[in-house]
1. If I ask for residues that are out of contact with any helix residue (DSSP H, G or I) (no Cβ under 8 Å at 6 or more places or on another chain) and either in contact (Cβ under 8 Å) with a residue 24 or more places away in the chain or among the aliphatic types (A, V, I, L, M) (or both), which ones from segment 295-311 would you list?
2. So, residue 404, is that one in the same structural domain as residue 550 (by TED's automatic domain parsing) and over 23 Å from residue 808 (Cα atoms) or not?
3. Consider residue 799 against the criteria (1) in contact with a helix residue (DSSP H, G or I) (Cβ under 9 Å, 6 or more places away or on another chain); (2) part of a loop (DSSP other than H, G, I, E, B); (3) surrounded by 20 or more Cβ atoms within 10 Å (Cβ to Cβ); (4) not aliphatic (A, V, I, L, M): it satisfies all of them except one. Which criterion is unmet?
4. Go through segment 313-345 and report how many residues are in contact with a helix residue (DSSP H, G or I) (Cβ under 7 Å, 6 or more places away or on another chain) and without any contact (Cβ under 8 Å) to a residue 40 or more places away in the chain.
5. Over 26 Å from residue 216 (Cβ atoms), outside the structural domain of residue 173 (by TED's automatic domain parsing), β-branched (Val, Ile, Thr) and over 37 Å from the mean Cα position of the chain (by Cα), is that true of residue 76?
6. Please count how many residues of segment 542-580 are outside any helix (DSSP H, G or I) and either in contact with a Pro (Cβ under 7 Å, 6 or more places away or on another chain) or among the charged types (D, E, K, R) (or both).
7. Since residue 583 meets every condition but one in (1) over 19 Å from residue 747 (Cα atoms); (2) buried (at least 23 other Cβ atoms within 10 Å of the Cβ), which condition does it not meet?
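The values are calculated or read from the model by the stated rules, or taken from the named source; none is laboratory data. As the structure is a prediction and not an experimental result, all values here were calculated from the model. All Cβ positions, even for glycine, are placed from backbone atoms using ideal geometry, and neighbour counts span all protein chains on display.
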Amino acid sequence: MSLLIEPDLGTPGIPGPATVSLEVDGQPVTVPDGTSVMRAAALSGVEVPKLCATDSLEAFGSCRLCLVEIDGRNGTPASCTTPVAEGMKVRTQTRRLQKLRQGVMELYISDHPLDCLTCSANGDCELQDRSGEVGLRQVRYGYEGANHLDAEKDTSNPYFDFEPAKCIACSRCVRACGEVQGTFALTISGRGFESKVAAGAGELFMDSECVSCGACVQACPTATLQEKSVVDLGMPNRSVITTCAYCGVGCSFKAELRGDELVRMVPYKDGGANEGHSCVKGRFAFGYATHPDRQLDPMIRESIDGEWRQVDWDTAIRYVADRMREIQTRYGMGAIGGITSSRCTNEEVYAVQKMVRAAFGNNNVDTCARVCHSPTGYGLKQTFGTSAGTQDFRSVAAADVIVVIGANPTDAHPVFASRMKRRLREGAKLIVIDPRRIDLVRSPHIEAQHHLKLAPGTNVAVVNAFAHVVVTEGMVDRSFVDERCEEFDEWAEFIARPENSPEATEEITGVPAADLRAAARLYATGGNSAIYYGLGVTEHSQGSTMVMGMANLAMATGNIGRDGVGVNPLRGQNNVQGSCDMGSFPHELSGYRHISDDAVRGVFEHLWGRELLAEPGLRIPNMFDAAVDGTFRALFVQGEDIAQSDPNTQHVTAALQAMDLVVVQDLFLNETAKFAHVFLPGTSFLEKDGTFTNAERRINRVRPVMAPKNGKHEWEIVCEIAQAMGYPMRYTHPREIMAEIAAVTPTFAGVSFEKLDKLGSVQWPCNDKAPEGTPVMHVDGFVRGKGRFMPTPFVPTTERSTRQFPLILTTGRILSQYNVGAQTRRTGNVVWHSEDVLEIHPHDAEVRGVTDGDKVTLSSRVGETSLHAVLSDRMPVGVVYTTFHHPVTGANVVTTENSDWATNCPEYKVTAVQVGLATPTVTAATEAVPALAD
């Protein structure tokens, strides 16, 4: 009986619906046209021996082990590079093929260490497997011909070793670095027996362009590239599929263990977000979970000047509940509140916001999305009707024009960046809108068609000028607009005004009018055009306006509702989308429904058995202001280091010092814990059981790899605090919390642990209309009915350069570090980034007498810090740049209270500063923000 195989759209080389029928070793099989003979054989149940081929790389045909015979054809072609044909008859196992394969294998083994073939302790080695498959028992040539068995091992990388003596020069690592990662750091040098893998121009991996994503390690068929953890601990013998807890890409991994000890994290091939790829953080930087700095016992102190004392859980929970009630009795119900964490699961976040509303009795709950992507929620809800990005990550493969605005994907979202770079190498056009020259502007085999180096704070002027070109040059998709949108004419009249033209805005933005017009025309007429944006859009005084401006532009050109288009926020933290979905904002319940809606509130009141306030509560900045004023007295902080991550550090610390009770739930005694009265130890992602929701609305299971080291799950702690305050809040398992979320949240109505375990993941909305989720939003219509065009007048930021502070500071991230560094600074990643530095243009440095490596002061109207300078022309003159990963620097000492007009998202990206050479009399940031003990 013929076997019909459906096309695997995720595998290169299987395009189109047409099918081909053939025989493999007498077995009939029908496969999609374009399938390789090797894959057809595998689908018929026959495994052809191979070394250079993997299912994640393009066919290469170099190892010559996968030879086959085909009736009517001369020779023995490589099955991995030979496409099927109708009626083809293939033989994979003949005496002739066996002898050829044995000969090939002898040549490989003759140049390979003898002990490697008999030593399983060296880890995975496909050479051992293949030698058995081809029936090889001995090597006729001996081992005298091997010329590199004494090659020195490269141990420079903190996570993996490169042992060239074991290398068979199969090129899999080289191809993985290029095809999968897109870095092209590796190459094959020499020919014949002289062939060897070289790490670029350097002798060592650490001297090359290698980004330590692990693709080469995963691709290596021998133990040439091997994790140090495997060498130290031995090969794992069991695994658990879970989800990474770093950025918003949400990669799936197999956590592989030996007994109860975690050995390595292996990218999961069936992970919807990453499909088997990874970055250095997710792949290797998991050691923080077992770092000795972790505080595993609850602690209490009466004042922030007092000594911590360890207590049991019952004592800590009773203390928190009693103090919260006392403060409410004295100062009123609204004197307490909570902040949820984007590093915690949906279930844990939902529990905290429920505790605040039902047990605390108010809506004073907010989340760290306030300081990153709250403008995304506001802007996309106003225009499209829902507070989330429009596409799945796979969609970028269908994009013809990619616009990257205020984002640096190669550093902040590297796994998605690899997808994007693959599409760019295939021919998609790239527009980068950023003051700084990010890596995507010019990288191997990629060069942006346009890099618009706008002045910080002028995003809205640029997007308005884009739209002006579209409207005035007749590039509007009228059929899309007329059928699916509203309020277009009013918007078009506004956007066509002369003050929005590229010529009029050029003086404001610094972007030449001709360049902007060319970029706008490319976006509007280049085919499928997709916008991807990051914190360089949202962390501005006009962040919400800019999000609406991008939505306007996409609607005007019809770039919504199909693959390859859309408006796509690249979320910063692993569950920032989920923390917003779960009702963490003071004005919204789960699913982005306003707290003032009587019907919505009634659903929760019925289920929770408590009357809820109809008025929104305090946002994070309001909490700080009220604390300084004396009306807000207690705060529960779940997994956020607000003393390091929030702007204007002096104001934040003043607010924390003014409170009667600060409760911190986290892994480490962080900067915020210096002002805490209670410390409740949290759990790492390796101990969590629940779900994360990534930037593409994908809900992934997070499965526990180990038991909670602190003795309790975080949702349990929250429930027990609520109960101690008199509110009955009980669950026996996080699946029950998800069941409640599904019961009260229409976009999650079809979500359950059982469904996620069956399907792997789903993207909300997941309900009766879309039981398996929604990869692309707004296909047939917008969530709000019709897309709404919103006027987006440009209002200059009040934060401008002056004679006293003539430079503009903007901030961002670096590949090896994450957020405030609490996790990554406790891993081997510190070898790449041991301190935050200030990038300054050579001209600005020369004027100030600064040379490369000098210690400089960085001051603004609210504070001052010091750090080392790095001269770089990546920024324009007048702009400086730094990261915020190290508390010793305390970058937010200098950022101001300016924020987005609609959401209070801080304006991190525009701070007027001055830079000067540091002197011994300068007050260093370490005095204001002491360093963590790493």
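1. Selection gives 295, 296, 297, 301, 302, 303, 308.
2. It is false that residue 404 is in the same structural domain as residue 550 (by TED's automatic domain parsing) and over 23 Å from residue 808 (Cα atoms).
3. (1)
4. Residues flagged as in contact with a helix residue (DSSP H, G or I) (Cβ under 7 Å, 6 or more places away or on another chain) and without any contact (Cβ under 8 Å) to a residue 40 or more places away in the chain within segment 313-345 amount to 1.
5. In short, yes.
6. Total meeting the criteria: 4.
7. All conditions are met except number (1).
Matching residues to (1) surrounded by 19 or more Cβ atoms within 10 Å (Cβ to Cβ); (2) modelled with pLDDT of 75 or more; (3) not in a loop (DSSP other than H, G, I, E, B):
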{"site": "129", "(1), (2), (3)": "no, no, yes"}
{"site": "132", "(1), (2), (3)": "no, no, yes"}
{"site": "137", "(1), (2), (3)": "no, no, no"}
{"site": "143", "(1), (2), (3)": "no, no, no"}
{"site": "146", "(1), (2), (3)": "no, no, no"}
{"site": "165", "(1), (2), (3)": "no, yes, yes"}
{"site": "174", "(1), (2), (3)": "yes, yes, yes"}
{"site": "179", "(1), (2), (3)": "yes, yes, yes"}
{"site": "183", "(1), (2), (3)": "yes, yes, no"}
